[in-house]
Every structure is written in C-alpha cells, then in structure tokens.
Amino acid sequence: MSPEPRQPPAAALWLLDRLLPAAERDLVIGDVTEMLADRVEAGRTFNRAWCWVQTAALLLGLSASRVPIDSAQRRFVMRLGGRVTMTLKQSVRRLRYEWRYALGVVIILGVGIGPATAMLSIVQRVLLQPLAYQDPDRLGIVRINLGQIQNHPGLSPGEVIDLRHTQGLFAGVEAENRRYEVTLKTDDALVSLSAVSITTGMLPMLGVVPVLGRPFTEGDVKDQPQPDAVLMDYGTWRSRFGADPGLVGRRIVLNGHPAEVVGILPEGFRLVTGRAVPEPIDIYTPMRVTSWRNFWGFPTLVRLAPGETFDRVNATLPGLATSLVKAYPDAYSGARLQFLISPLKDDMVKTTRPALDAAIVGVLLLLAIAMANATALVIARLRTRERDFAVRLAVGAGRGSLVGDVFMESALLSTCGALLGAALGALGLEAARRLVPHTLPRWDDITLGLDVVAYAATLALVGLFTCGLLPLWKASRHVPWHALQSGSIRSGQADSALSRLLLAGAQIALTVILAFGAIQLVRSATRLSEVDLGFDPNVLTFRTSIDFQKFKTPAESTALFERIRDRLRTLPGVEAVGGISHLPLSGSVLTDAWTTDLSAQPGWNLATANYYATVPGYFASMKIPFLQGRDFSDVEDRTAQHVIIVDESLARAAFPGVADVRGRIVRLGWGLPDSRIVGVVGHVRGIEIAREVRPQIYAPMGLFTQNPNFTVRASGDPARLIGPIQTAVKELDTGRAVAGFAMLTDNVAAATSTLRSITGLVSILAASAGLLSAMGLYAVIAYLLHSRRRATAIRSALGATPSQLVRLHMGTSLRVLFVALPIGIGLAAAGAPLFASLVFGVATRDPASLTAAAAIAAVASLAGTYLPVRRAAAIDPVLALRSE
Amino acid sequence: MPRPPARTPQVPLGDIEQRVLLAILRLGSDASGVPIVRELRRHTRRPILLPSVYLALRRLEAKGLLRSRLGEPEARRGGRARRHFALEPAGKAALREAHQTLLSLWRGVSLDES
C-alpha cells in the first residue's frame, strides 16, 4: 500500500484552486492541508478518501453559493440546473424503458472504441512519443553501404573520427561497441552481465545524467581490455545490489579485475543500438575510438549541429565518402562507400511501421463500421420517436428543449460506450502484452491509464456527434403536423430506408476489407511456420565466455571448448553438442567476402557470405544435413587447418554445374587464408525466416577464435540440464560465468512474432467487424420489416406461407449484398499492395482470400437478416392489423 | 480603510454563526481556520462540516461582525497563508444580544417542572 499522503491529491488541489472564490482559497486549501497533516501525524488512515470527501463538500458548499442569493444570474443557473437534471432523469427513464436499444448502441460503440483505444495506445507509445533523450528529434543513427554490404548499422572507428572532423555538420558523433558479456564475481558465485562500451561523450550527447555519481570523463578510458570505471543500469543496481547508494565509488570485480562503479543511470534508460528493440544492458564501460579501419562493428549516433537538417547532412556526406575511399585504398579497395543518417526514432520503428499501419487501418475501418452502425440504429429509432416529438412541439415545447433531449441521450450513450470501450481496451492491451512480449520497440513502456481513457473520451465525443447531431438535424427540420398526420403506414418512407440500407451496405463492404486482411495475414503466418528452416530448433543454447588472458592461444581456447563439449556429452539425456559463434536468427552475424578467383584481391566488391566459427559437432546437434563431405575433425579445429564447410547455395554460386565441390579452394577476406572445402551442408535460414539472406561459410573455431554459443540437443526436458551444465562448465574452470540459457525455438518464435501479433490483432478486428455488421444488418432489417408489417400481415392473411415470406424479405438483404460485396472486394484488392510487405507466401491479391472474405461478410450479413425475417414471417395477421 | 460603522444587526445570529463567534472569542489571538474548527468539535457532539464553518465566517465578515487579516505563508499549510479572525465591536454586541435574548427566554423556565 502506498504511504499516507502529506499533501492533498494534486487533482483535488487543482479543483479547489480553480473553483473556490479567490478570497477564500488560501484559507480553505491551507486549512485542508493542515488538517491532513494533523490526521497523518495522529496516525489516521483513509486520508486520501477524506481529502476527496472534503473537496467535494467544499466545492458543493462554497462554490455553489458563490452567486449572491437574489441575483437573476442565480435564478438562471438554478433553472438551467433544474432543466439539465430533468432532462437527465427523462433520458435515463427513456433509455431504461428502451433498454434493448440502449444496450445495442453501447455495445456497438464499446466494441468499436475498445480495440481502437488499445491500438492507439500502442501507436502513441511506439510511433509518436519522443525518445527519452534530450531533444531526440535532432539525434540520428549512421548506417553505411559498403560494396555488397547494405544498410549496415556499424562503422569502423576511423570513420567515427572522420565524421567528427566534418565541419559544422554535427554537434556530436558518438559510438558504442556491440554488446558483450562480463562476469561479475560475487561472494559465492559468478554472474554473467551484459555490457556495452560507449564513448565518453555518448551520455552527454543524449542528455542523460546519472541519478547517482558522475558521468564518464576522458580519464576513465584506459588502453587495456578491462575497464577501470563503469556506469550501472538502474534496474541492475536495484536487483543485484539492493539499490545500495554506497555502491557508487566502490569497486566490483568484473572479469577478474576490479572496476569502480562511478555512477547509476536513470531508471528506464536504454541505449539504442541500431536494432528495433533496445536490449537491456547491465554495465556501461568507457571506450575511445581509434583510427582503425578494419572492423565495421560500432553503431554510431549523431546529434545534428544547430540549424542543420538530415537532408542537408545526407547531401554533404557523399563528398566525404568519396575522399575516404581514395585516401584508404587498402581499407575500401575502391568499393562504393555511402553514409546514411536517419532520425533515430524513424530507424527504430522502421521494421514495425508497416505492421502498425495495417493495424491502424484495421482499427479505423472497425471504428467506421461501429459509427455507421450506431448511427443507423439511432436514426431508425428517431423515426419511431417522430410522433413523440411532434406531439411535444404541438403542445408548445421549445425546439431547444428537444435538442437538449437528444443531446443528453447521446451523451449518456456515448459515455457508457466509452467506459465499456476503455474497459475492453484495457483488457485487450493486457492480453496483447501477455501474448506478444518484447516484439515492438519500447514495448515495456506501453502502459494503460489515463491516456486510454482520454482516447475513449475523445472517441466517445465522435460518437456523440455522429449519434446526436445527425438525427438532431433530421428531427429539427421536420414539420410537426406532418408526423402527426401520418400513421405508422407512412413511417417506412423510402428515403430513410435507403439511407439505412446504404449504411448497412457500407458496413458489409468494410467487413470484406477487414476479413480479407485477416485471412491474408493468417495464411502468411501459416506459410511462415511451414518454412523449412534448414535446422531443427529444439536445442538448448547458452553462451560461454572465457578468460582470454588465461587461454592465450587459439589452440588453448579451442581445446577448452572441446573439453566443455565432451563433458556435456556425458550428461544424461544429452544426444549431441556443438558450438557456433553466432546462432541462427539471433540477430547478429559476421559477414565476409569470398571468391573462387585465387588471383583476386579480397575487397568490398566481392560477394559476401555469413561467416560462422564452429566447434565440431555443431551440424549434428542442429540436425543440419550434410549434402557432401563431413564435419571438421577435432584435429583440424585445434591446429587451425585451412578448411571450410559451405552451404548448398554457396556451392551452387561458386561452382555452377560442379557435382562434387570437395577439395575446391575458396579465397576469403579479412586476412583469412585460402581454404579448402571439406563439406557441403543445407542452407540455414539464419537471418530471416522468409527468405535466404547470403550464402554461408563455416570455419573451425581454431581459425577465428570467439566466444561460442553451445548447442545441446537432449531428450526430455532441457530445462533440467541447466544446473548440471553450469556445474560442468564451472568444473572446467573457464573463469567466466555461462549465461543466456534459452531454447533456439525462442529465436524462431521471436522472428515470427511481429507477424503473429499483427495477425492476432487484425483477426480480432475482423471478427469484431463481422459481428458488428451482422448486428447492424439485424437492426436495419428488423426495423424495415416492422414498418412493413401491415403489408406482411395482408400477404399472410391472403394465404402466403411463412417460407414464401422469408424468401420475399431475404431479397432485400441479397440486393444489398450484390452491391456491397463487389465494392468491398474492389476496395480490398485496391488497398492490398500497400501492405504487401506483411504478406508472405500468398499473392498480394489472392483470389481465394478475396472470395473467402466476401463469403464471411455474406454469411455474417445473412445471419443478421435471417433472424428478424423468421420472426416477421411468423406474424399473426389479426394481431398485426388490429394494432394499426 | 475606514471600518464600516458598527450597527445593530438586523437579523439575529444563526446557531452556527453564534458558535463560530464564541469559538473566536474563546481562542482570542489564536483564532484561525483550523483552531476554530477544532474548538467547535471539542464543544459539540454533532459533526462539524467544514463548508458550514466557512459559510458562517463569510456571512459574519460580510455583516461586519468580524474582521480578518492574513498571516505569513506556512509550510505546514502547503505554502498557504493563515488567516486570523477577530471580533468587531458589532460582533461582540451581537453575541451579547443573543446571550441576553436567551437568558431572558430562559428566565422563569424550568425543564424539570414542565
């Protein structure tokens, strides 16, 4: 429970401040504050509630009697108040009497508003809200195109310095290193933490100041691999160190070396790393950029200089790129270099934008359906109230009071609709959060609260206007005696029937569009789940890092990896173990150039492939099939033989028409030796599930030593292996903690989650749309039939059978369908290319999907028609005619 | 500013007005919002509603029966100034009259006998 407040709630203070007479504000507010302090000191509870009761009493008591007693103003206020109360009472009474109608409108509005509020909350957070940095619109991220590499979010350190030296373009150019693992030594255990190195100017450029301690200074940067000074994430400080303020200035042991915690970063701080979702980082370390130009692994953020724009900066940079390529022929080998700077926020939401756009369109369509629906209901009912209005006008009621009547009723209905919508939206958002964790940028930040209610209120206002003002206009232009004269025979006039049928038709057309979108997405998701990944993701993976001070040579570290692998193989239930530098679908990979032309200079103009270092046994553990040849032997691994394994697409591209590529030599970039192919494996969908991205080259770990991810295939529940694995690795004394236990299936799920989440959302929208348009048609048809009941009764009296009557009346619906379905199909087909990037494995305008969507809309509308028609057909002619 | 002339009140004091004036009289120089409410609570069994106290103060001041002055802002009051109340001679006169009225009404009456 929250502690008892010392101050009245801010909202209460605000109200008192605005509504009390100026002369009494200090007296009253001060007294309430003082009494609250007395109550808190006396240990009394429910103080917040007490504040609100007092506020309400004071506002009612003091501001109501603000007006001098005998003034005409006060009489006016009283009369107006009386009239409002009376209108309110009348409206409530009438809506209670016609509760089916009221409930219908409220549900329709709620179902329309609910998904809209949830979706708008997400969009607002993800797309519209500024990043939590100072002046975020001036921040940009640098991507480069270099030869075959496109849109890469990492620079070489030399280029960071080059950008800094440009005159007047940037107020700051700061870089970060890729995330890495550090091992924190606590009293009894080794704990793996994630870390990122940043240049010392990064946080000042972002405008982020530590909540405790100090930011980095140049003096913190040491030319050694182990940092002396670190900044800590707020969450890590809380969870690992119990939010101990004494931690600042103290030394902790990272990777076996002491490092001083110089500061704690603000709560919720995340560093953008060129990925859609900023990863949580525990430790930030300072780094300095060098003039090296051999590794493009430093995501770089810039702040534009005052007065500069992204367009102008991007127009200036080609000159720099050209001069760099000339100045450093070794680094760029004459390849085309291009810097692209885009606003940070645009870069973050780039990948999710089409999905969110699709969802917004869906929400707007649903909202349009709901509004059309509610309007149709209100118009239908207003007709039945025509006589009521006419009578009241005839006996002298002012037009204003009728306007007030309609207004009050609409306000009541839309408020209830908004409340229901807010509740549904809250539920929806909570459900969405549980179903789809961490797939959207800033997903953690998406919260429900006042903003959703505000959205609901705004949307309800839209509801108010459509529901209230349109019928109002219809009612007020009516001539009273006209309605009085006309009996119910005239009430089914052609013009209103037509307008309602038009509304119903529009709903059917919109339903077709939504259903089409949902069907396309569901089919895409299904296709995506059926893609052959090229590996079996049912493996347990974990990361290891080793102390490279202790295992200095590649031979030593490679031998250690093999020992770990062999030790894990002996664990019960383990079937196969291997290791690889970058796991498939993990989002990170190394690329390298390759060629079969052994006279070529390796450079950026060569074709590129994904380059992986493996611990022998990897292919077996992943069930990646060998098409030719074999896996590396341990000896090849340890002695760093110049051997590689390639995937089928590289074999095809490098040696077209050659059946057996074993023994062929491939030249690699990065100063790696020319290597002999010993095996060919199947292609693995390692970057995207939907398509092949670059061919793949595998090398033994000994040739290019890195910290591996181990892949463990086991029978039974893999989770029970975590403990034994930790013990086993610890026994082998790597000096570092193991981390990141996960199933590879999680990577697969994450890679499809955006599509899956959007599919779920659009399906819900389409289902709501189908339901709403069925309800809408039901209401319209029921009303039409009611107004024609005299004709129906006469037919029935003359001997028409119920089935003949059903056929007769279904005709109306069918005619609407005949017009609405082709329009809906046309609109869906026209809009489909806009969302082509979301669709996978299905034609953009797939005829089967269009047909199915039309069928769904048709079934929904016929269901909506059939029920009232059945009831009308079962009419008792005597009763119906007598009521005329 | 010239004070409004003391005058005999046209309308007799209401019950709550009379109590508020008495509370201010009892408190002397300490008479301000919260102490007045506290004083009233101490001597009354019925709950005291804040708005009725403020309305009474407002009416009494309008009738010229009491005066008020603003004190310094106080942290305990959320930075709001305290307002001190004191009786005007007319206020004392009104109280006296009310007291007299009650005394003369009570004279010769005994609840035990009736």
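The values are calculated or read from the model by the stated rules, or taken from the named source; none is laboratory data. Predicted model only: the values in this text are computed from it and were never measured. Glycine gets a Cβ as well: all are built from the backbone with ideal geometry, and neighbour counts include every protein chain shown.
Looking only at the stretch A:17-34, which residues are in contact (Cβ under 8 Å) with a residue 24 or more places away in the chain and either more than 14 Å from residue B:53 (Cβ to Cβ) or more than 7 Å from every other protein chain (Cβ to nearest Cβ) (or both)? Even if it seems obvious, please write down each step before you answer.
Quick first cut of the stretch A:17-34, residues in contact (Cβ under 8 Å) with a residue 24 or more places away in the chain only: A:19-21, A:24, A:28, A:32-33.
Residues satisfying the conditions are A:19, A:20, A:21, A:32, A:33.
Can you tell me which residues in the stretch A:553-581 are out of contact with any strand residue (DSSP E or B) (no Cβ under 6 Å at 6 or more places or on another chain) and in a loop (DSSP other than H, G, I, E, B)?
As a first pass, look at the stretch A:553-581 and keep what is out of contact with any strand residue (DSSP E or B) (no Cβ under 6 Å at 6 or more places or on another chain): A:553-560, A:562-564, A:566-567, A:570-572.
Those that are out of contact with any strand residue (DSSP E or B) (no Cβ under 6 Å at 6 or more places or on another chain) and in a loop (DSSP other than H, G, I, E, B): A:553, A:570, A:571, A:572.
Residue check: is residue B:58 in a helix (DSSP H, G or I), closer than 24 Å to residue A:33 by Cα and within 13 Å of another protein chain (Cβ to nearest Cβ)?
Numbers: in a helix (DSSP H, G or I): yes; closer than 24 Å to residue A:33 by Cα: yes; within 13 Å of another protein chain (Cβ to nearest Cβ): yes.
So residue B:58 fits the description; yes.
State yes or no: is residue A:309 hydroxyl-bearing (Ser, Thr, Tyr), crowded, with 16+ Cβ neighbours inside 10 Å and not assigned by TED's automatic domain parsing to the domain that holds residue A:831? Spell out the reasoning first.
Values: hydroxyl-bearing (Ser, Thr, Tyr): yes; crowded, with 16+ Cβ neighbours inside 10 Å: no; not assigned by TED's automatic domain parsing to the domain that holds residue A:831: yes.
Considered against the rule, which asks whether it is hydroxyl-bearing (Ser, Thr, Tyr), crowded, with 16+ Cβ neighbours inside 10 Å and not assigned by TED's automatic domain parsing to the domain that holds residue A:831, residue A:309 comes out as no.
Which number in (1) more than 7 Å from chain A (Cβ to nearest Cβ); (2) free of Cβ contacts under 8 Å to residues at least 40 places away in the same chain marks the one condition that residue B:93 misses?
(2)
Looking only at the stretch A:584-627, which residues are in a loop (DSSP other than H, G, I, E, B), among the aromatic types (Phe, Trp, Tyr) and surrounded by fewer than 18 Cβ atoms within 10 Å (Cβ to Cβ)? Even if it seems obvious, please write down each step before you answer.
As a first pass, look at the stretch A:584-627 and keep what is in a loop (DSSP other than H, G, I, E, B): A:584-589, A:596-606, A:616-617, A:623-625.
Next, from what is left, pick out any that are among the aromatic types (Phe, Trp, Tyr): A:604.
Listed by number, the list is empty, since nothing qualifies.
Collect the residues in the stretch B:72-90 that are facing chain A (nearest Cβ under 10 Å), outside any helix (DSSP H, G or I) and of a type outside the set (Phe, Trp, Tyr), keeping them in residue-number order.
The first filter runs over the stretch B:72-90 and keeps only residues facing chain A (nearest Cβ under 10 Å), leaving B:73-83, B:85.
Now drop any that are not outside any helix (DSSP H, G or I), which leaves B:73-74, B:78-83, B:85.
Across the stretch B:72-90, the qualifying residues are B:73, B:74, B:78, B:79, B:80, B:81, B:82, B:83.
Please go through (1) free of Cβ contacts under 8 Å to residues at least 12 places away in the same chain; (2) in a helix (DSSP H, G or I); (3) under 15 Å from residue A:24 (Cα atoms); (4) touching a strand residue (DSSP E or B) at 6+ places or on another chain (Cβ under 9 Å) for residue B:28 and return the number of the only condition it doesn't satisfy.
If we test residue B:28 against (1) free of Cβ contacts under 8 Å to residues at least 12 places away in the same chain; (2) in a helix (DSSP H, G or I); (3) under 15 Å from residue A:24 (Cα atoms); (4) touching a strand residue (DSSP E or B) at 6+ places or on another chain (Cβ under 9 Å), just (3) comes out false.
Does residue A:240 count as among the basic types (Lys, Arg), in contact with a strand residue (DSSP E or B) (Cβ under 8 Å, 6 or more places away or on another chain) and within 28 Å of residue A:669 (Cβ to Cβ)?
On the way: among the basic types (Lys, Arg): yes; in contact with a strand residue (DSSP E or B) (Cβ under 8 Å, 6 or more places away or on another chain): yes; within 28 Å of residue A:669 (Cβ to Cβ): no.
Spelling it out, it is not the case that residue A:240 is among the basic types (Lys, Arg), in contact with a strand residue (DSSP E or B) (Cβ under 8 Å, 6 or more places away or on another chain) and within 28 Å of residue A:669 (Cβ to Cβ).
Working only within the stretch A:632-676, note down all residues that are in contact (Cβ under 8 Å) with a residue 12 or more places away in the chain, part of a helix (DSSP H, G or I) and over 24 Å from residue A:555 (Cα atoms).
A:648, A:649, A:650, A:651, A:653, A:654
Out of all the residues in the stretch A:769-810, which are in contact (Cβ under 8 Å) with a residue 12 or more places away in the chain, farther than 18 Å from residue A:109 by Cβ and of a type in the set (Gly, Ala, Ser)?
Across the stretch A:769-810, the qualifying residues are A:782, A:787, A:793, A:796, A:797, A:803.
Kindly indicate whether any position in the stretch A:515-531 is touching a residue at least 40 places away in the same chain (Cβ under 8 Å), crowded, with 19+ Cβ neighbours inside 10 Å and over 28 Å from the mean Cα position of the chain (by Cα).
Among the residues of the stretch A:515-531, not one is touching a residue at least 40 places away in the same chain (Cβ under 8 Å), crowded, with 19+ Cβ neighbours inside 10 Å and over 28 Å from the mean Cα position of the chain (by Cα), which makes the answer no.
Which one is nearest to residue A:8 (Cα to Cα) among residues in the stretch A:35-47 that are buried (at least 16 other Cβ atoms within 10 Å of the Cβ) and at the interface with chain B (Cβ under 10 Å from one of its Cβ atoms)?
A:36
Go through the residues of the stretch B:42-55 one by one and say whether even a single one is away from chain A (no Cβ under 13 Å), free of Cβ contacts under 8 Å to residues at least 40 places away in the same chain and either touching a Leu at 6+ places or on another chain (Cβ under 8 Å) or closer than 17 Å to residue A:28 by Cα (or both). Spell out the reasoning first.
Initially, the stretch B:42-55 is screened for residues away from chain A (no Cβ under 13 Å), giving B:42-46.
So of that shortlist, the ones also free of Cβ contacts under 8 Å to residues at least 40 places away in the same chain come out as B:42-46.
So of that shortlist, the ones also either touching a Leu at 6+ places or on another chain (Cβ under 8 Å) or closer than 17 Å to residue A:28 by Cα (or both) come out as none.
Among the residues of the stretch B:42-55, not one is away from chain A (no Cβ under 13 Å), free of Cβ contacts under 8 Å to residues at least 40 places away in the same chain and either touching a Leu at 6+ places or on another chain (Cβ under 8 Å) or closer than 17 Å to residue A:28 by Cα (or both), which makes the answer no.
For the list (1) in contact (Cβ under 8 Å) with a residue 60 or more places away in the chain; (2) over 30 Å from residue A:342 (Cα atoms), I need the number of the one condition that residue A:198 fails.
Here residue A:198 clears every test but (2).
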